1. Please rank TRP367, TRP30, fewest neighbouring Cβ atoms within 10 Å first, as an exposure proxy.
2. Compute the relative contact order of the chain as a whole-number percentage, counting only Cα pairs closer than 8 Å that sit 6 or more residues apart in sequence.
3. If I require 20 Å or longer along the helix axis, counting alpha carbons, and a Kyte-Doolittle average no lower than 0.5, what helices from the chain are left? Use full DSSP H segments.
4. For region 79-92, take each phi angle, set θ = phi - 60°, evaluate the Karplus expression 6.51 cos²θ - 1.76 cosθ + 1.60, and give the result in whole Hz per residue in order, putting x for glycine and proline.
5. Provide the FRET efficiency to the nearest 0.05 for the LYS393-ASN330 pair, computing r from the beta carbons and using R0 = 22 Å.
6. Normalised by the number of residues in region 13-117, what is the relative contact order in percent for Cα pairs under 8 Å and 6+ residues apart?
7. LYS59: which lysines have alpha carbons under 17 Å from its alpha carbon, excluding same-chain residues fewer than 8 sequence positions away?
8. Which one, LEU265, THR308, PHE410, is farthest towards the positive end of the dipole of the chain when Lys and Arg carry +1 and Asp and Glu -1 on their Cβ?
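Read-outs throughout are calculated quantities, based only on the coordinates presented, and are distinct from any laboratory measurement. Computed from a predicted structure; not experimentally measured. Because the Cβ atoms are built from the backbone with ideal geometry, glycine has one as well, and the counts that use them run over all protein chains shown.
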Amino acid sequence: MTHSTDLSSQSEMVQSLDVDGNVLEVSPQWLAYTGYKQEEVIGKHFTEFLDQTSVKQVKLNFPHLKDYGFVDNVPLTLIRNDGVNEATILNGSSSYDENGQFLQTFCELRTLDYFKNSNIALITLLEKERFFKIILNLKANIAGLIAQEWEYTEFLRELELIFQEPAEIKTTCTGIHISKQALREKIELELKSFEQKNHIIDKVYTYDCQQLSEKFAIEAADFLIVMNLKNPMVEENQSTILLAIKSNIEQMTWLAAFQDIVNTLESAFSAFKNRIEKAQLIEELKSLASTDSLTGLYNRQKLKNVLTNAQDIFERYHRPFSCIMLDIDNFKQINDQLGHSKGDEVLVSIAQTLQIHSRKTDIVARWGGEEFLIVLPETKADQASILANTLCKQIQNLKVDKLKTCSASFGVTEFTQSDSIDTMLIRVDKALYQAKHQGKHQVVTL
């Protein structure tokens with residue numbers, strides 16, 4: 001998880017610890033929140049500022065932080081200088097020298113206030129996200145209409161339907177419905193007077209709905225978007241579209257977005273390009289959310305979905321599936337002796353080997369650290385064990401620069417009627433542990 005490493009931060013609680021867990025430095029916000037002075041903190045062991053339960057958590061997680069370079073979402077109770085116990089979440093990462101030797105850790109502590117503020121920010125972002133989706137959909141749908149080369153009157157009719165889709169748009173006037181023509185003409189007279197008095201020459205602007213609602217029957221809204229478009233299809237060479245908007249998003253944001261809408265209506269092909277780029281961006285985001293950035297394999301979250309789907313198929317159609325868990329042998333030594341870049345090279349090489357020598361129907365993922373997990377649909381345990389032994393030999397044959405030998409230990413198991421995903425994972429992890437305990441570079445099936 002991404003966290004701050006800025007020890008000068010005035011807003012984040014950041015600390016740095018040495019190899020023994022002693023405090024090297026803390027951010028001003030760390031001191032301000034806890035109430036300690038710098039001389040009361042520097043050189044002290046971090047556990048001196050925690051309750052007993054948290055001390056156990058530190059002892060459990062600190063070795064992992066040093067050896068593997070990160071810990072995520074570790075719950076701790078911080079004891080402030082005034083004696084108040086404060087629930088926090090710690091995220092940390094480690095730094096190493098060019099020889100892979102541990103230097104120090106950087107950790108950020110997040111309080112409940114952080115998550116409360118994050119929740120408020122999330123709500124705001126969701127509102128903005130909905131707004132951006134509305135705008136993207138409007139652009140895409142309008143571009144689609146123009147690309148289909150509708151007749152002009154049909155285009156206006158479909159355009160009004162598109163504008164009516166978002167709940168934030170309360171009233172639309174495109175000039176197609178005769179029943180709205182009288183209202184439209186009265187509003188346009190009002191707007192023309194407003195434009196002349198205020199010397200408005202922009203294609204799109206906003207107008208306070210309260211001033212209109214006192215005179216005309218417009219559904220409750222916050223403001224009116226007025227779009228004056230160049231339109232060679234009419235004698236005046238200009239069409240006006242009116243949209244009454246009710247939204248928490250400020251007028252200027254809508255105004256900027258609808259400037260693009262006007263451009264879309266006036267230039268179809270450029271907006272159509274935007275729709276294609278949107279689809280590509282969505283696919284890229286989906287890919288990033290499901291793959292491991294280093295190896296290109298599926299990540300842990302994606303594989304959990306795969307396992308859940310395999311369980312559903314097993315329960316509905318009684319189709320078997322198995323899984324293989326493997327862990328690179330002596331990986332810490334590789335990092336320590338050859339450096340983390342070489343360790344990354346080993347991870348990538350093994351990932352490629354697993355993909356090449358697994359079947360097309362098998363799903364290979366990086367489970368975490370130096371562990372990989374393979375889901376094998378339509379496969380019994382004995383078949384999975386054969387593949388695991390093949391992979392074990394292929395990894396042994398790997399040639400990685402500066403690395404004399406490379407090996408991995410494997411655990412294999414098959415999903416059973418009494419299993420859940422968790423019990424299956426526990427069992428395959430146990431098989432892997434047994435393979436490690438029996439001398440590594442082997443396959444154990446349970």
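1. With the sparsest Cβ surroundings first, the list reads TRP367, TRP30.
2. Values: 710 pairs, mean separation 43.7, N = 446.
RCO, the chain: 10 percent.
3. 112-147
4. 9, 6, 5, 8, x, 6, 8, 10, 6, 9, 10, 10, 10, x
5. 0.80
6. Normalised by residue count, the contact order of region 13-117 is 26 percent.
7. LYS44
8. Of the listed residues, the answer is PHE410.
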